[in-house]
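Below: the structure, in structure tokens.
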Amino acid sequence: MTGKPRISDRVGRISKSAIHEMTRLSKDVDDVAFLSWAKPTSDTPEHIKDGAIAAIRKGLVGGYSENAGLLELRKEIVKKLERDNHVDAEISQIMVTVGAIEGLAAAVMAVVDPGDEVLLPSPTYSTHARQVVIASGKPVFVPTIEEEGFALDIQGIKNAITPRTKAILFCSPNNPTGTVWAEEQLRQVARIALENNLMVITDEAYEYFTYDGHEHFSIASMPEMRRNVISCYTFTKTYAMTGWRIGYLHADEEVILQINKAHIPLAICAPVVSQYAALAALKGSQECIAEFRKHYLSARNVMCERLERLGSVFACEKPGGSYLMFPKILLEEGKDSTAFCKRLLKEGGVSTTPGIAFGPTGQGHLRMSFCVPEEEINKAFDKMEVYFAGR
């Protein structure tokens, strides 16, 4: 007797990734202008590639590392956290992961029991909600205040807490809005967590890419949060290493022991060749970060200027960080962001990501990435100007 494949309810409830779906659909469009992926188009800096090549030639990458990662790499991560994040870390508090994504997944698995609720300021990165669902938890979307540049709604967070609330999970600078939440707001989130014995899980992938005087703040720099925060970072965004799949997390030793129980069945260890590349990234020149930031700032300004010329179609807050922005669609048809983005791709030749992918309050928006060459941005907006003028 045959029937449907016996798929778990928790996975079956997850919708297809809108980001990857738009990528798939883009393959059927000629000369597409691609603004969908948050993937740097810059190449990995040469000194990082050289570090990986040297490790390969020395025969260092053919086996596993420690589950937590190479000791030398974790030592350099401790130095980086102290220097750039003002986090007083120990080597025993560091775990090297398969990008920030696997670290976040392992952290959620270590914290969340079936039925537990996790608060997600919305719009939020779509994968965060999926990770909660895969852990058999319940994502609870807390709307941000769009009129204030997608600021955190502190009272909304307080109101959303129930006896089942276990954690708060967020990304700052934010994906998809590019908002950099202010230190004072994040300190308020930390106080809420301490008052309610909640874990805070942070995704700090875009920590170096802030603009216009905005500054990134790591909650883990607060000594009182030592036992209540898991901070996830990545080399992939910072050093244009998305394909290397390498990141790390920081948490209290007792928490790290529990996260490792999830990390081992998910990954065993991060790719060793990528760990040596990450080591070269931290020990080498950091000028590449400033160069990337300069490029993203210029590209952001170009995209904002082009959006202003389409002011009857889009309204947009200038993002203070990341390399993403989240325009609101002013047209009536934009109420269904998925249908809008698919039409824009098929008829206008521009690939973006529908806002609904980032939570209920993302509906009526779309996400655009400006980590691409400025020529690609201008190409996309040239196409959009033609597309919307002819309608």
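The values are calculated or read from the model by the stated rules, or taken from the named source; none is laboratory data. Remember, predicted model here, so these are calculated numbers, not experimental data. Cβ sites come from the backbone with ideal geometry, for glycine too, and all protein chains shown count toward neighbours.
Restricting attention to the stretch 310-319, does a residue exist that is in contact with a Gly (Cβ under 7 Å, 6 or more places away or on another chain), loosely packed, with under 14 Cβ neighbours inside 10 Å and without any contact (Cβ under 8 Å) to a residue 60 or more places away in the chain?
no
Go through the residues of the stretch 219-232 one by one and say whether even a single one is within 19 Å of His47 (Cβ to Cβ), in the same structural domain as Ile192 (by TED's automatic domain parsing) and out of contact with any Leu (no Cβ under 8 Å at 6 or more places or on another chain).
no
Confirm whether Val133 is modelled with pLDDT of 95 or more, surrounded by fewer than 22 Cβ atoms within 10 Å (Cβ to Cβ), over 23 Å from Gly213 (Cβ atoms) and of a type in the set (A, V, I, L, M, F, W, C).
Yes, satisfied.
Within the stretch 1-56, work out how many residues are touching a residue at least 60 places away in the same chain (Cβ under 8 Å) and not in a helix (DSSP H, G or I). Break it down into steps so the answer makes sense when it comes.
Narrowing the stretch 1-56 to residues touching a residue at least 60 places away in the same chain (Cβ under 8 Å): 10-11, 13-14, 17-19, 22-23, 25-26, 29-45, 47-52, 54-56.
Going one step further and asking which of them are not in a helix (DSSP H, G or I), we end up with 13-14, 17, 29-45.
Residues that pass the stated criteria total 20.
With in contact with a His (Cβ under 6 Å, 6 or more places away or on another chain) and either closer than 19 Å to Ser26 by Cα or not assigned by TED's automatic domain parsing to the domain that holds Leu119 (or both) as the only criterion, which of Gly364, Gly355 stands out?
Going through Gly364, Gly355 in turn, just one is in contact with a His (Cβ under 6 Å, 6 or more places away or on another chain) and either closer than 19 Å to Ser26 by Cα or not assigned by TED's automatic domain parsing to the domain that holds Leu119 (or both): Gly355.
For Ala18, are the conditions met, namely being at pLDDT 85 or above and crowded, with 20+ Cβ neighbours inside 10 Å?
In short, no.
With a cut-off of at least 1 residues that are free of Cβ contacts under 8 Å to residues at least 12 places away in the same chain and over 19 Å from the mean Cα position of the chain (by Cα), name the helices (runs of 4 or more DSSP H) lying wholly within the stretch 93-184. Show your work before the answer.
On the way: elements: 99-111, 126-134, 154-160.
Of the helices (runs of 4 or more DSSP H) lying wholly inside the stretch 93-184, those with at least 1 residues that are free of Cβ contacts under 8 Å to residues at least 12 places away in the same chain and over 19 Å from the mean Cα position of the chain (by Cα) span 154-160.
Please go through the stretch 299-320 and pick out each residue that is over 30 Å from Gly51 (Cα atoms) and part of a helix (DSSP H, G or I).
Passing the criteria: Arg300, Asn301, Val302, Met303, Cys304, Glu305, Arg306, Leu307, Glu308, Arg309.
Name the single residue that is surrounded by the fewest Cβ atoms within 10 Å (Cβ to Cβ) among those in the stretch 180-214 being over 22 Å from Gly247 (Cα atoms) and of a type in the set (S, T, N, Q).
Asn197
How many residues are surrounded by 21 or more Cβ atoms within 10 Å (Cβ to Cβ) and within 22 Å of Asn175 (Cβ to Cβ) when one looks only at the stretch 341-380?
Matching residues across the stretch 341-380 total 24.
Which of the numbered conditions does Lys318 fail, given that it passes all the others? Conditions: (1) under 21 Å from the mean Cα position of the chain (by Cα); (2) farther than 13 Å from Pro45 by Cα; (3) in the same structural domain as Thr97 (by TED's automatic domain parsing); (4) not aromatic (Phe, Trp, Tyr).
(3)
Going through the stretch 349-377 one residue at a time, which ones are farther than 16 Å from Lys328 by Cβ and touching a strand residue (DSSP E or B) at 6+ places or on another chain (Cβ under 9 Å)?
Hits for the stretch 349-377 are Gly349, Val350, Ser351, Ser369, Phe370, Cys371, Val372, Glu376, Ile377.
May I ask you to list the residues in the stretch 136-158 that are out of contact with any strand residue (DSSP E or B) (no Cβ under 7 Å at 6 or more places or on another chain) and either buried (at least 22 other Cβ atoms within 10 Å of the Cβ) or outside the structural domain of Glu184 (by TED's automatic domain parsing) (or both)? Before the answer, list the steps.
Here is the first cut: in the stretch 136-158, the ones out of contact with any strand residue (DSSP E or B) (no Cβ under 7 Å at 6 or more places or on another chain) are 136, 146-150, 154-155, 158.
Correct list: Phe150 only.
Name the pairs whose Cβ atoms lie under 6 Å apart, with the first residue in the stretch 269-297 and at negative phi, the second of a type in the set (D, E, K, R) and part of a loop (DSSP other than H, G, I, E, B), and 6 or more positions between them or separate chains?
none
How do the pairs read when you match residues in the stretch 345-366 that are within 23 Å of Glu385 (Cα to Cα) with residues anywhere that are outside any helix (DSSP H, G or I) and polar (S, T, N, Q), using Cβ under 8 Å and keeping only pairs 6 or more apart or on different chains?
Qualifying pairs under 8 Å: Leu345/Ser351; Leu345/Thr352; Ser351/Ser36; Thr352/Ser36; Thr353/Ser36; Gly355/Gln363; Leu366/Thr352; Leu366/Thr353.
Residues of the stretch 260-275 being surrounded by fewer than 23 Cβ atoms within 10 Å (Cβ to Cβ) and either touching a strand residue (DSSP E or B) at 6+ places or on another chain (Cβ under 6 Å) or not in a helix (DSSP H, G or I) (or both), which ones?
Ile268, Cys269, Pro271
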